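Shown next, in structure tokens, is the structure this report addresses.
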Amino acid sequence: MAEYDDQNVFAKILRGEMPSFKVYEDDDTYAFMDIMPRGEGHCLVIHKQGFRNIFDGSPEQIATVHKTVQKVAKAAMTAFGADGISIQQFNEDAGGQIVFHYHVHIIPRKSGVKMGPPGVMGDMKEIKANGEKLAAKLT
């Protein structure tokens, strides 16, 4: 496997070199809105320490990310009136990973509503508003 590339988009977000719509942050993790949302409230959780994927992170790092995932998912259920949550995590090219910085997708879901297609840029005003809505449930 390749080494971690600190020029990936999530590393740049963590360094403040690229913007993001932050919804939650603690000492170890950072949660922000996905700019290519597959549903209302689609967000991501990353570890602040860079590692490529589940194969490279320590068990403690992975657990820390998932502790934040649970916290954000619970808030997303309330913020978006969701009936459920899809949690997605991809590893390596063959596993569907596109950004090689460990991250977990949280996608609030409503019964009978399909997820949108992947890779489609969302409306930034709507994403920002959804981020504010979610962040308000996390304070």
Q. Does LYS110 satisfy the criteria of being more than 24 Å from LYS12 (Cα to Cα), modelled with pLDDT of 95 or more and charged (D, E, K, R)?
A. yes
**Asked** Among the residues of the range 61-74, is there at least one that is open to solvent by 90 Å² or more (accessible area, probe 1.4 Å), free of Cβ contacts under 8 Å to residues at least 60 places away in the same chain and closer than 14 Å to MET33 by Cα?
**Response** no
Looking at the range 16-26, can you tell me whether even one residue there is aliphatic (A, V, I, L, M), surrounded by 16 or more Cβ atoms within 10 Å (Cβ to Cβ) and in contact with a Leu (Cβ under 8 Å, 6 or more places away or on another chain)? yes
The strands (runs of 3 or more DSSP E) lying wholly within the range 1-103 that contain at least 1 residues that are of a type in the set (Lys, Arg) and over 18 Å from GLU132 (Cα atoms) are none
The number of residues in the range 80-115 that are of a type in the set (Gly, Ala, Ser), surrounded by 13 or more Cβ atoms within 10 Å (Cβ to Cβ) and within 16 Å of the chain's Cα centre (by Cα) is 1
So, first residue touching a residue at least 12 places away in the same chain (Cβ under 8 Å) and of a type in the set (Gly, Ala, Ser) in the range 97-117, second residue surrounded by fewer than 19 Cβ atoms within 10 Å (Cβ to Cβ) and part of a strand (DSSP E or B), Cβ within less than 9 Å, six or more apart or across chains; the pairs are SER111/GLY84
The one condition MET33 fails out of (1) surrounded by fewer than 22 Cβ atoms within 10 Å (Cβ to Cβ); (2) within 14 Å of the chain's Cα centre (by Cα); (3) of a type in the set (A, V, I, L, M) is (1)
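The values are calculated or read from the model by the stated rules, or taken from the named source; none is laboratory data. On a predicted model such as this, the values are computed, not experimentally measured, just so you know. Neighbour counts run over all protein chains shown; Cβ positions are idealised from the backbone, glycine included. Surface areas here come from the heavy atoms of the whole protein model, side chains and all, with no ligands, DNA or RNA. Shrake-Rupley method; radii C 1.70, N 1.55, O 1.52, S 1.80 Å.
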